[in-house]
Amino acid sequence: MVGYVVCLVLLCVGSLTEGNKCWNRRELIERRDLMNHATCVEPRDTLVALEVPPGYDWVYPSVVVVKQCHGHMCKQPNHQCVGLQGNKKKIKVQAYKINNGNTNVDMLCDYVTVQEHTACGCRCDKDPKECGHNELTGKHVLQVFNKKMCRCECKPKAKEMCQERMRRVPNTVMWDQTRCSCPCNNQGECGSGTVWVPSMCKCLPMMETDEGAPMVMG
């Protein structure tokens with residue numbers, strides 16, 4: 001199945017290249033080799049930085065090569081190549097600490113643990129709980145999670161309601177796919193005694209109730 005997917009991707013790249021002449025023959029071969037090497041199939045040698053033990057300033061060696069899955073290519077959108085199985089590997093290092101005003105250096109033989117992968121797979125990197133909350137405004141939005149595409153999408157009802165509103169009051173509102181909302185095209189400056197009402201996209205007069213609370217008239 002994986003081989004079929006890789007072949008399909010290569011055919012698509014080949015057809016696109018012939019159409020727009022983006023790459024020459026040598027560059028196309030390089031990209032084919034890259035895709036064959038980068039596909040999320042099995043762990044490959046990866047350079048990993050080692051953590052410094054608490055109380056020490058640096059370790060030697062500072063990096064090590066282990067089998068990992070990070071950075072490999074997934075055919076599905078918004079997916080990441082992750083380790084499905086693995087184990088902890090202990091690496092023996094020399095840990096150094098500077099003492100007495102940078103004049104003495106203490107050294108300790110210690111072990112640092114790194115994660116090594118034995119199997120790779122593609123997983124969605126989007127949390128379904130993120131849907132329904134707009135990071136920019138902090139407000140609730142009408143979204144659902146599309147598991148296949150690994151993304152939040154606007155509920156069809158939200159767009160339908162906005163389209164109905166656009167038909168009812170043309171050139172007043174627009175559909176915002178990013179926020180799943182139906183904001184006004186323009187916000188005018190309201191004069192004294194009036195306030196902007198987003199739901200109606202216009203300024204309305206304001207008056208006080210008998211209790212002194214402000215109330216919009218409209």
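With only Lys, Arg, Asp and Glu charged, each at its Cβ (+1 for the first two, -1 for the last two), find how big the charge dipole of segment 42-125 is about the Cα centre; round to the nearest 20 debye.
Values: 9 positive and 8 negative charges, 56 e Å.
Approximately 260 debye in magnitude.
Which one, Cys122, Ala95, Val105, is farthest towards the positive end of the dipole of segment 42-125 when Lys and Arg carry +1 and Asp and Glu -1 on their Cβ?
Cys122
For a quick check: with amide H placed at 1.01 Å from N, whose amide H comes under 5 Å from Gly121's, ignoring anything fewer than 5 positions away on the same chain?
Val82, Leu84
Hey, what did segment 42-125 get for relative contact order, percent, Cα under 8 Å, at least 6 apart?
On the way: 186 pairs, mean separation 29.3, N = 84.
Reported relative contact order: 35 percent.
Only the coordinates and a few stated rules stand behind these numbers; no lab work does. As the structure is a computational prediction, the values presented were derived from the model and not from experiment. Quick reminder, even Gly has a Cβ in these numbers, built from the backbone with ideal geometry, and neighbours come from all protein chains shown.
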